[in-house]
Amino acid sequence: MTVIDGTTRSTPATTAQPRPSSGVDVCAAAPKPHPRPAGQDSYTISEVVAFTGLTAHTLRWYERIGLMPHVDRSHTGQRRFSNRDLDWLAFVGKLRMTGMPVADMVRYAELLREGESTFEARQELLEATRRDVITRIAELHDTLAVLDHKIEFYAGARRAPERHSA
């Protein structure tokens, strides 16, 4: 997530924006409330599928490749997810939206498990991803401008015959 301070900026989209010290993300929607309060947060895989929109196959794959931290199991061996797991999956979803490769997501998860000594490496990984996102946003803005130009051209072409008939 990009952290901004809410002030307007006239900097081009391709320039990295400085991040304020306030730590407030005014663009982010309020986090979704957890379906259950802490202490009662034991979700089956089918409940997590319903909450996240991910498939059970994807959740198992995330666990297998090391993207999901250790998932608790019931006495019968069924996966039991917690609110913390739901938060992690939401973050992974944001990373997916950035286009971060799965290998980098797994690397981030490994660094996270290693602890505070990896803060710098995690920050570098996220900053590289942020630069990629800024580049993609600029490319999308350029693409949008081309589409807008073409739409205006076709709208003008449709109006042109009407002017001649009047």
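Observations, loosely collected:
- In the set (1) open to solvent by 50 Å² or more (accessible area, probe 1.4 Å); (2) within 30 Å of Ser46 (Cβ to Cβ), Gly93 fails one condition alone, (1).
- Tally of residues being open to solvent by less than 60 Å² (accessible area, probe 1.4 Å) and under 18 Å from Val92 (Cβ atoms) across region 111-120: 2
- Residues being over 24 Å from Ile134 (Cα atoms) and either assigned to a loop (DSSP other than H, G, I, E, B) or in contact (Cβ under 8 Å) with a residue 60 or more places away in the chain (or both) - total across region 66-122: 13
- Criterion: farther than 30 Å from Ser46 by Cβ, within 15 Å of the chain's Cα centre (by Cα), small (Gly, Ala, Ser) and surrounded by fewer than 13 Cβ atoms within 10 Å (Cβ to Cβ) - qualifying residue of Ala157, Ala128: Ala128
- Residues of region 48-66 include at least one that is open to solvent by 40 Å² or more (accessible area, probe 1.4 Å), within 17 Å of Asp87 (Cβ to Cβ) and of a type in the set (Val, Ile, Thr).
- Test result for Arg107, open to solvent by 60 Å² or more (accessible area, probe 1.4 Å), farther than 25 Å from Tyr43 by Cα, at pLDDT below 95 and out of contact with any strand residue (DSSP E or B) (no Cβ under 8 Å at 6 or more places or on another chain): no
- Condition met for Thr143 (part of a helix (DSSP H, G or I), open to solvent by less than 100 Å² (accessible area, probe 1.4 Å) and within 28 Å of Tyr62 (Cα to Cα)): no
The values are calculated or read from the model by the stated rules, or taken from the named source; none is laboratory data. Keep in mind the model is a prediction, meaning the values are calculated, not measured. Please note: Cβ atoms are built from the backbone with ideal geometry, for glycine as well, and neighbour counts cover all protein chains shown. Just the protein is used for accessible areas: all its heavy atoms, side chains included, with ligands, DNA and RNA removed. Shrake-Rupley method; radii C 1.70, N 1.55, O 1.52, S 1.80 Å.
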